[in-house]
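The next block holds one structure in the form of structure tokens; read it before the comments.
The values are calculated or read from the model by the stated rules, or taken from the named source; none is laboratory data. Note that the structure is predicted; figures quoted are calculated from it, not measured. Heads up, the Cβs are rebuilt from the backbone with ideal geometry, glycines too, and the neighbour counts pull from every protein chain shown.
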Amino acid sequence: MKNMLKKTVALVLALALCLSFAGCYSENNTWAAKLGDDTMPIGGYIYYLSTAYNEAAMKISSDMEVLDGEVDGQPAQEWIENRALDYLYGSYYLETKLQELGQELTEDEEAQADSITNSTWAYYQTAFENMGISRDSFHRAYSVYSIQYQKLMKLLYGEGGEMAIPQEELEQFYQESYYPYEYFYVSLSTTDEDGNSVERTDEEKEELKNTLEDYAKQITAGDMTVEEASTEYGEETGENVSYSGTLSTAVESITDTLGTALAELDEESATVTEASSGYYVVYKRSYADGFADITADEDQTTSLIAAMKGDEFEAYVMEQGRSLGVELNQGAIGRVKLSSLIDDSNRNGASSAAESSESSETESSASSESSEVSSEASQVSSQAEE
């Protein structure tokens, strides 16, 4: 479920929270779906509907009302309602398939789900409750779903799973989609005796570049590591130097400055590249070393699998869920009006805003909390770029 919480929070913050379900909560209207003895409360469906609305908004131009648009060739409202049901069906499949495999959430996994709910509820309790989403509904629809989603993905795609990815295919995906690298960064400004930031002169910049290029040559020759070069430069100059640690970042997510440099570098070689505010000494590690680091860590391996198979797995979960024979409470679902989730602040699409946000985004961690395992996983080991 791709960044479900982020999408819903955007909606929650924008809403005037004008939902009114007075009279809706008779016993027959408190649940949305059933499979055997397992009942999904209506609040879970409302959560999925709000999530689907936000997904649709991200696909529709900001100069058009969401419900006037189309998504994937369907009228937006139809797409949103179907998508909400897909999430609902998917939640049943996760539970059913894990039971079939003899798997339950461990105490640690249940604690993770509780932590997601607690941290979210602390900020958004009033907003969610005004939408008709109780704490238990949110916990089931988002927190537990997220942990189960991650767990089942590992079980199916991991070693020995029903849909296990051959190691060579996973490694090929890594090589085609990621850059393994590390760098250190030196600012084009320094600090004077009074603690003020001072821009280097052109002559000082040229001298700095020459110094860093010498470090790059030594790194390429194997005479020193990037970390050693970073430490030595900092000690000799007294300047603050930012060392990245070892990274693996999706090609599509890396910043232009580093991406251009890495595209031109051979493996196990370094170069100096200039950004608007400083120089990077960037080293392209071998793909073999980068992949070995990733697969040595379970969470990072899961993130890599999510990047490779995330869309496929999401579609699979929803498709399988639809085949389970889940009973829908059409009366209760029909009382939830999509129009009640809309006000002037979120009436129009948001695709332009989304594109702008994506273009300004720097590298993000793919060893993120488990609740976002189905996210893009653009970086499988990270430290924020300065």
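Things worth noting here:
- Options D63, D38, D86, D68: the member that is of a type outside the set (S, T, Y) and under 23 Å from the mean Cα position of the chain (by Cα): D86
- Test: Y279 is under 21 Å from E206 (Cβ atoms) and surrounded by 15 or more Cβ atoms within 10 Å (Cβ to Cβ): yes
- Per-region count, the range 113-168, residues among the charged types (D, E, K, R) and over 30 Å from Y287 (Cα atoms): 5
- Residues that are assigned to a helix (DSSP H, G or I) and within 16 Å of M153 (Cβ to Cβ) within the range 102-120 comprise E109, Q112, A113, listed in sequence order.
- Every residue from the range 221-241 that is within 18 Å of R285 (Cα to Cα) and surrounded by 12 or more Cβ atoms within 10 Å (Cβ to Cβ): M224, T225, V226, E227, E228, A229, S230
- For the range 162-202, the tally of residues that are assigned to a loop (DSSP other than H, G, I, E, B), more than 19 Å from E213 (Cβ to Cβ), at pLDDT below 95 and not polar (S, T, N, Q) stands at 4.
- Hits in the range 61-111 - residues which are of a type in the set (F, W, Y) and closer than 19 Å to Y145 by Cα: Y87, Y89, Y92, Y93
- Screening the candidates Y53, Y45 for the property of being crowded, with 22+ Cβ neighbours inside 10 Å, closer than 19 Å to A127 by Cβ and within 22 Å of the chain's Cα centre (by Cα) yields one hit, Y53.
- Inspection of the range 343-353 identifies at least one residue that is among the hydrophobic types (A, V, I, L, M, F, W, C) and either surrounded by fewer than 17 Cβ atoms within 10 Å (Cβ to Cβ) or within 25 Å of K59 (Cα to Cα) (or both).
- Of all residues in the range 279-303 being aromatic (F, W, Y) and outside any helix (DSSP H, G or I), the one that is farthest from I254 (Cα to Cα): Y279
- Meets criteria (among the aliphatic types (A, V, I, L, M), surrounded by 15 or more Cβ atoms within 10 Å (Cβ to Cβ) and assigned by TED's automatic domain parsing to the domain that holds E159) for I254: no
- Hey, T249 of a type in the set (S, T, N, Q), under 31 Å from the mean Cα position of the chain (by Cα) and assigned to a strand (DSSP E or B) or not: yes
- Cross-chain or 6+ apart pairs with Cβ under 6 Å, the range 294-311 first and closer than 17 Å to P166 by Cβ and surrounded by fewer than 18 Cβ atoms within 10 Å (Cβ to Cβ), then at pLDDT below 95 and not acidic (D, E): T295/T301
- In the range 44-66, the residues that are assigned to a helix (DSSP H, G or I) and more than 17 Å from G334 (Cα to Cα): T51, N54, E55, A56, A57, M58, V66
- The set of residues in the range 135-170 being closer than 30 Å to E227 by Cβ and surrounded by fewer than 19 Cβ atoms within 10 Å (Cβ to Cβ) consists of Q167 alone.
- Qualifying residue in the range 317-324 (condition: in the same structural domain as I133 (by TED's automatic domain parsing), in a loop (DSSP other than H, G, I, E, B), modelled with pLDDT of 95 or more and surrounded by fewer than 18 Cβ atoms within 10 Å (Cβ to Cβ)): yes
- Filter pass, L258 being under 23 Å from K217 (Cα atoms) and within 20 Å of the chain's Cα centre (by Cα): no
- Output for the range 318-341, where each listed residue is more than 17 Å from M40 (Cα to Cα) and within 24 Å of the chain's Cα centre (by Cα): E319, Q320
- Per-region count, the range 122-134, residues surrounded by fewer than 16 Cβ atoms within 10 Å (Cβ to Cβ), of a type outside the set (A, V, I, L, M) and either under 25 Å from the mean Cα position of the chain (by Cα) or part of a loop (DSSP other than H, G, I, E, B) (or both): 2
- Tally of residues being farther than 18 Å from M131 by Cα and aliphatic (A, V, I, L, M) across the range 27-84: 11
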